[in-house]
Amino acid sequence: SCLVSLEGRSLWIVQSMPVHPAEPLLAKLKVSLILYLPPVAFCMLCGIFVLGADAETAVLALLLALTVVVIMGETGLIANVNHPMLDWQTETQAVKSGVAVLLCMLYDLGIDLTLGLGGYLLIAKAGLDLNTVLTVFLVLTVIAARLLYIHILKTSAQKFAFL
């Protein structure tokens, strides 16, 4: 997740920079995405190759996985702005002991369970086509990612400015 808590007592330095408060947050999000998107893309491509998915399914599954990573990064950033741990003694405390970390894990678990169970129910039980389900999930996750991005630009940036 994108950790605002790592700033700790030095947070005032970032806050005093002559940039919009969203800029440091977006920089943290970009670093997170640079670290997480390539391995997820690689794993998805390997899975697609092993399972022998057709091109349409492969593209939809890859885009859905990448969009979920974006959502997870955004929710992590929002959780850390809302629940920062700025009074830590070691960096390990900031990374592993904060409420934001627990919330991120719960959000991520909720996203995975929703998509997994929802996909199972829609495909196996309701008999919908795999590509239809992937398309619906992709559209919903893109909308969610966009709404979370807007939330970061407005609400989270404003909150970050006054931590």
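Enumerate the aspartates and glutamates that residue 154 could reach by cross-link, defined here as Cα to Cα under 16 Å, with residues fewer than 8 away along the same chain left out.
Within the straight-line cut-off, residue 154 pairs with 23, 74.
Sum -39500 (n - 2.57) across every DSSP H segment of at least 4 residues in the chain, then divide by the residue count to get the 222 nm mean residue ellipticity, nearest 500. Don't jump to the answer; show the numbers that get you there.
Working: 7 runs with 118 residues, N = 163.
Mean residue ellipticity at 222 nm (helix-derived): -24000 deg cm²/dmol.
Is the shape of region 111-158 rounded, prolate or oblate, going by the alpha carbon gyration tensor and its root eigenvalues a ≥ b ≥ c, with a/c under 1.5 for rounded and a/b larger than b/c for prolate?
Numbers: a/c = 5.91, a/b = 2.78, b/c = 2.12.
Prolate is the answer for region 111-158, as a/c is 1.5 or above and a/b outweighs b/c.
Whole-Hz ³J(HN,Hα) for each residue in region 108-119, computed from phi via Karplus 6.51 cos²θ - 1.76 cosθ + 1.60 with θ = phi - 60°, x for glycine and proline: what do you get?
With coefficients 6.51, -1.76 and 1.60, one gets 4, 4, x, 5, 4, 5, 4, 5, x, 5, x, x Hz.
Tell me the carbon and sulfur percent of the accessible area for the chain, rounded to whole percent, probe radius 1.4 Å. Could the numbers behind the result be given before it?
On the way: 6880 of 9550 Å².
Looking at the chain in its full context, I get 72 percent from C and S.
Could you list the residues of region 130-159 with an amide nitrogen less than 12 Å from a label point located 7 Å from the Cα of residue 56 in the Cα-to-C-beta direction?
The answer is 130-135, whose backbone nitrogens lie closer than 12 Å to the label point.
Heavy atoms of the protein only, probe of 1.4 Å, neighbouring chains included. What is the accessible area of residue 97 in Å², nearest 10?
80 Å²
Could you tell me the relative contact order of the chain? Use alpha-carbon pairs under 8 Å, at least six residues apart, and round to a whole percent. Show your work: numbers first, answer last.
Values: 153 pairs, mean separation 59.0, N = 163.
Rounded, it is 36 percent for the chain.
For a quick check, take a GNM of the chain with Cα springs below 10 Å and name the residue from 79, 58, 126 with the largest mean-square fluctuation.
126
Can you give me the accessible area per residue for region 39-163, using a 1.4 Å probe, in Å²?
Ligands and nucleic acids excluded, the result is 58 Å² per residue.
Which FRET efficiency value, to the nearest 0.05, is calculated for residue 114 and residue 92 with the Förster distance at 25 angstrom and r the Cβ-Cβ distance? Could you put the intermediate results ahead of the total?
Details: r = 31 Å, r/R0 = 1.23.
The computed FRET efficiency comes out at 0.20.
Rg and Dmax of region 24-123, Cα atoms, in Å?
Over region 24-123's Cα set, Rg and Dmax evaluate to 16.1, 51 Å.
The values are calculated or read from the model by the stated rules, or taken from the named source; none is laboratory data. If you're wondering where the values come from, they're calculated on a predicted model, not measured in any experiment. For neighbour counting, all protein chains shown are included, and Cβ atoms are generated from backbone atoms with ideal geometry for every residue, glycine included. All accessible areas refer to the heavy atoms of the entire protein, side chains included, with ligands and DNA or RNA removed. Shrake-Rupley method; radii C 1.70, N 1.55, O 1.52, S 1.80 Å.
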